[in-house]
Ligand SMILES: O=C(O)CCC(=O)C(=O)O
Ligand SMILES: [Fe+2]
């Protein structure tokens, strides 16, 4: 099988949900036979870990596009998938579907770049070429664990990230519970720890996307785009997904940091915040 169009090829702008921030979810993102072939050739944890020790439980390990595109250890169908999703083909679909939400969220962006969204010059994240916007497509696993934990509590993605998507590849024989993506709304003026982590009591859940097979969740990233992963029970299998990122060379938005006294005041809640990662992945 080959792949010639992006995951958003048959999605229209009218399918975008605007509250609490622009997003789109599909529980049948690709045709079943194409999904099955991708599922069957998803790289092994050893390939994604690339020699790093998975000593941390339920932690993210990533294999980014620049290490995949010309990698003979990765199935050709997967390399096609990565090629499309780091190219203008995917960006044009993102603009067609999310263009009006992107313009509403970042009203001065096109002026700052000096080009309309459709004209942005696209590069692969981690490659050298000059670009207005870099696209990342990466394999991610969360390592198995013996205890219940959340791999990432409520946060927004990096301030350079305009758009992000997660495409879940839950194995049919994975019996673990949780690990769902949750969307939140702010209960107050946004305030952040370390630029993007959030106190659990500052936000309320508004909906979730199950960690399921062939399940895609996309969103425009801003200070409003609060999301996290629900606690996942003990597991013997990795949690598997593809992470897509559209990244600017500058910050698209600002995040107000919590003051040090407020941090001290909320210390017990600060301790509930987690962001588990294997090694020094840059993402
Ligand atoms: O693990 C997930 O499903 C989402 C992770 C996430 O939001 C992130 O890494 O920024
Ligand atoms: Fe995130």
Which percent of Cα-Cα pairs in the stretch 104-144 sits in each 10 Å bin, short to long?
-> 25, 37, 25, 11, 2
Coarse-grained scattering of the stretch 1-70 at q = 0.19, 0.23 Å⁻¹, given as base-10 log I(q)/I(0) from a Debye sum over alpha-carbon atoms | -1.03, -1.09
Residue span residue 36 to residue 267: 0.36 nm per residue of separation minus Cα-Cα distance leaves a gain in nm of 78.6 nm
Calculated FRET value between residue 130 and residue 9, using beta carbons and R₀ = 30 Å, to 0.05 = 0.65
Burial-style ranking of 119-129, 154-164, average other-beta-carbon count within 10 Å with highest first, yields 154-164, 119-129
Counting all Cα-Cα pairs in the stretch 174-228, those more than 18 Å apart amount in percent to 38 percent
For the chain, what log10 I(q)/I(0) values come out of the Debye formula at q = 0.08, 0.10, 0.15, 0.16 1/Å, with one point per alpha carbon and no solvent?
-> -0.32, -0.51, -1.23, -1.41
Rg/Rh for the stretch 210-258: what does it come to with C-alpha atoms and Rh from Kirkwood?
-> 1.03
Tell me, in nm to one decimal, what length is gained between residue 121 and residue 236 on full extension, where the rule is 0.36 nm per residue of separation less the Cα-Cα distance?
-> 37.2 nm
Over the stretch 93-217, relative contact order from alpha-carbon pairs under 8 Å, at least 6 apart, % | 21 percent
Largest fluctuation, 149, 41, 259 only, Gaussian network model of the chain with Cα springs under 10 angstrom, belongs to 259
Got the relative contact order for the chain handy, in percent, Cα pairs under 8 Å and 6 or more residues apart?
-> 27 percent
Over the stretch 56-208, what lengths in whole Å, largest first, do the semi-axes of the equivalent ellipsoid take, defined as the square roots of 5 times the eigenvalues of the alpha-carbon gyration tensor?
-> 28, 25, 14
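Since every read-out is calculated from the coordinates, none of them should be taken as a lab result. Quantities reported herein were computed from a predicted structural model and do not represent experimental measurements. So basically every Cβ, Gly included, is an ideal-geometry build from the backbone, and we count neighbours across all protein chains shown.
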